[in-house]
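Undergrad: Take a look at the following structure, please.
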Amino acid sequence: MYRVEPLSIRSKAESISASDWLSILTLCFAPIIVHIISGIPNPVYLRKSLPSWHDTICFFNPTTIVWWYMALTDRRIRCKNWDSFHMAASNTRFWTEEGWNGSEEMIQKSMIICTRVAHKPRMKFMSRTAAETLVVAIQGVQSVIELTGGGVGGWQISLATIFYPLAFLGLLRLPAAYWISDEATYAEYHSQIGKFLSDSGGYELYRIRPKEGAEPFPNEKQMTYDSHPVNNWRGCMVRISFLLIITGFSAAGIAFVLPLMPPEWTYVMSATNYVEVCFYTFVTIPMLGILMFYSFQNPRTTIVPCVQSLWYKIYTVLLFVFMLVYISIAALETRKSPCGTFTTLTGSAQCVDGEGGVRLSSAVAYEGAHEPDGIYVSRLPFNVSLNTATSASKEFDGVFFGYSNGSQTFVDMVPFDGWCKGSLSAQMTHIEMPQRHLANSSDWFSNLVGIPEFTANIKAYQPREGL
């Protein structure tokens, strides 16, 4: 069961310092900035008029970036004689009279205006693109660790982590990374190579550009591109692999954010958590549909075929508006927990022993009947219906954990105020509480007296040395 908490704006008592804000904003925008900067090919303008903002904005869409990674890998796998010119054109987006062009025909067409290519048809290891790939890979691995390290439901979202799933998608760069390069340069319409003194005494520019009214490229029919057909098993294997990976990423991301749990458990979501699910659904589902449709309709271009379609431009604008809303809600809800972590959840104690121990989080609560021989850990505060035959229910402000021997359920309630850390095993439970306030034991379970097959123990655990 899932429950979405209303928007919880951070109070004055939960204010965040300026240095913490700088750290949060750095962690927030680093994945998206690196993902976008490293995922957009260099432009080459071959016409007099430059593209408008709505002709350019679609290249910032994650779908366009992932398409480039897939198309570049597909082109390289199918190419029979890959060289530096092929790599140069595949890493460039050409602005022509027909709009953006990344087709295979541009490989041959662009050779006559190519002024510099890489020495080898592969990524240069000491280069900017290699550094970008390394950063993208590190961020992707970090996102996997953060998303999975806390266990299902254990990861807490904040403004600092809202774009971790996007870094997760950045790992799709790795199959194409070996052929990503920005070493090539081209002569553009407005390229200038120098100045000269004219007869009138002024300076004029030497330019490299096609003559007015002339065809800048040779006839397309004279050009050939030696590669396997798009329906060859090589290309199909690449495209199907990418689609399967994106499907897996989408399913994994949803599973980490919305973990599968028994019906008696409740997963409490902050408003940021809920918007996160909606946002990444809005990213991944259209991405999967677009890539699935065009990967077998027109896979011979490194620019997603719908990049100039009106509907795709509208979708991209809506995506960025949604992103701004997502960032705003996360910024309002992000608060610093007592143990120093940032979260958008309220009333939580995040407890972890650093070695895969239990994590107590406000995201997880146990409600209803217990399972035999089960061990349960609660959130703060905890709501529990202790017996199915009894309507008794009380909200306890403390840590709940218990176990069952099949006939009786033994429960420990540890009231405290402050942060904690601890570990949990089948035979031992230990929680360290540097600050704790023990409640009046005579009042704690007064309403539970007379409930059959229930034993309650109130204990104050003393910190162990070394913890």
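The values are calculated or read from the model by the stated rules, or taken from the named source; none is laboratory data. These figures come from a predicted structure and were not determined experimentally. Every residue, glycine among them, receives a Cβ derived from its backbone with ideal geometry; neighbour counts consider all protein chains shown.
Undergrad: Mind checking which pairs have a first residue in segment 139-160 that is in a loop (DSSP other than H, G, I, E, B) and a second that is at pLDDT 85 or above, Cβ under 7 Å, 6 or more apart or different chains?
TA: Short answer, once both residue conditions are applied: Ile157/Thr272; Ile157/Glu276; Ser158/Ala330; Ser158/Thr334.
Undergrad: If Phe94 meets every condition in (1) in a strand (DSSP E or B); (2) modelled with pLDDT under 90; (3) of a type outside the set (Val, Ile, Thr) apart from one, which number is that one?
TA: Going through the list (1) in a strand (DSSP E or B); (2) modelled with pLDDT under 90; (3) of a type outside the set (Val, Ile, Thr), Phe94 breaks only (2).
Undergrad: Could we say that Ser49 is hydroxyl-bearing (Ser, Thr, Tyr) and outside any helix (DSSP H, G or I) here? Before you say what the answer is, go through the steps one by one.
TA: Details: hydroxyl-bearing (Ser, Thr, Tyr): yes; outside any helix (DSSP H, G or I): yes.
For Ser49, the condition - hydroxyl-bearing (Ser, Thr, Tyr) and outside any helix (DSSP H, G or I) - is met.
Undergrad: Could you please tell me which pairs satisfy a Cβ distance under 6 Å, a separation of 6+ or placement on different chains, a first residue in segment 167-181 that is under 24 Å from Asn81 (Cα atoms), and a second residue that is basic (Lys, Arg) and modelled with pLDDT under 90?
TA: The qualifying pairs are Tyr178/Arg122.
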